[in-house]
Amino acid sequence: MEIAIKELTKTFKGRIAVDHLSLTIGQGEFFALLGENGAGKTTTIKLLSCLMKPTSGDAIMLGDSIVENPQAVKKKLNISPQETAVARNLTVKENLEFIAKIYGSDKREAEQKAMGLMDKFGLMDRAKSKGRTLSGGLERRLSIAMAMISEPEIIFLDEPTVGLDVRARLDLWQILLDLKGQITIILTTHYLEEVEALADRIGIMHKGRLHALGTLEELKEQTGQAKLQDIFLQLTAEAEIQ
Ligand SMILES: Nc1ncnc2c1ncn2[C@@H]1O[C@H](COP(=O)(O)OP(=O)(O)O)[C@@H](O)[C@H]1O
Ligand SMILES: [Mg+2]
């Protein structure tokens, strides 16, 4: 079972944001969607997680269509959005318990889940800190922990490391590396080092279209460039003239 995206398209008032995107992502894969601002990464994630309906096309998420059966799809995935949904006036623990209750846990189970995730994501010593007091890195960790409450098979991480300092970014990478292989991870970023450190496969989007796809090694071969930065510059320059 996998993710099979077929001619997925989204237009906003006639302007195309995602343009006939076709792509297959394997179960358990760590896939990085790379692209400049406005490339269509967030829109793609919103379509795949059924937060938005496609204008045309479809995606089959582990057997269920986002068009035909969004309710079934929603049960299998979760998202740490570009702007996190951490409640500023709840503590770390309360944020997690709140989400657990939304997913049907009683008080005891919600607390158990919160404890387990705080442990896994290195948040235990901040259990009683309010959302608004968290650094960017901790807020993002909490956001990902919140997405893990529903035990998704697929998780979307939309630019999780934007604005983080180097230390926080490296800490988050370690957390993502620990998750890698356990569930399917789809990450958007415009940091090339991130892709290099984490991803099994890379898709480069440009103006709504998938312009390149492969492992880092494959993209190196395809472009004749050794450095990821040069690969990216070459591919986006190519996309621009097409
Ligand atoms: N809700 C919306 N209404 C109108 N245009 C939108 C909306 N969401 C995104 N867009 C447009 O779609 C394009 C892709 O945006 P987005 O998916 O956010 O790109 P990225 O996440 O790669 O920066 C942009 O041109 C953006 O302005
Ligand atoms: Mg975005």
Residue that is farther than 24 Å from L176 by Cβ and surrounded by 19 or more Cβ atoms within 10 Å (Cβ to Cβ), where the choices are I60, I45, I79 | I60
Restricting attention to region 109-127, and to residues there that are of a type in the set (A, V, I, L, M) and not in a helix (DSSP H, G or I), which single residue is farthest from L90 (Cα to Cα)?
-> L123
Look at T84 and say whether it is among the polar types (S, T, N, Q), modelled with pLDDT under 95 and either away from ligand 1 (no atom under 16 Å from the Cβ) or more than 17 Å from I183 (Cβ to Cβ) (or both).
-> yes
Exclusive hit being within 13 Å of ligand 1 (Cβ to nearest atom), among the charged types (D, E, K, R) and farther than 23 Å from I149 by Cα, set D58, D19 | D19
Of everything in region 174-222 that's among the polar types (S, T, N, Q) and out of contact with any strand residue (DSSP E or B) (no Cβ under 8 Å at 6 or more places or on another chain), which residue is nearest to G137 (Cα to Cα)?
-> Q174
Return yes or no: is R201 under 18 Å from L235 (Cα atoms), of a type in the set (D, E, K, R) and touching a Gly at 6+ places or on another chain (Cβ under 8 Å)?
-> yes
If you go through region 1-30, how many residues are in a strand (DSSP E or B), aliphatic (A, V, I, L, M) and farther than 18 Å from G214 by Cβ?
-> 4
Check F12 against each of (1) more than 16 Å from ligand 1 (Cβ to nearest atom); (2) among the aromatic types (F, W, Y); (3) over 30 Å from S129 (Cα atoms) and name the one condition it does not meet.
-> (1)
If you take the residues of region 31-50 that are within 12 Å of ligand 2 (Cβ to nearest atom) and part of a strand (DSSP E or B), which of them is farthest from G63 (Cα to Cα)?
-> L34
List every residue pair whose Cβ atoms sit under 7 Å apart, with the two residues 6 or more apart in sequence or on different chains, where the first one lies in region 30-53 and is free of Cβ contacts under 8 Å to residues at least 24 places away in the same chain and the second, anywhere, is aliphatic (A, V, I, L, M).
-> K46/M52
Collect the residues in region 150-197 that are more than 16 Å from ligand 2 (Cβ to nearest atom), touching a Lys or Arg at 6+ places or on another chain (Cβ under 7 Å) and outside any loop (DSSP other than H, G, I, E, B), keeping them in residue-number order.
-> I154, L172, I175
State which residue is farthest from the chain's Cα centre (by Cα) when the search covers only region 52-88 and only residues that are within 16 Å of ligand 2 (Cβ to nearest atom) and under 21 Å from A100 (Cβ atoms).
-> A85
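The values are calculated or read from the model by the stated rules, or taken from the named source; none is laboratory data. Computed from a prediction, not measured in an experiment: that's the story for all the values here. Because the Cβ atoms are built from the backbone with ideal geometry, glycine has one as well, and the counts that use them run over all protein chains shown.
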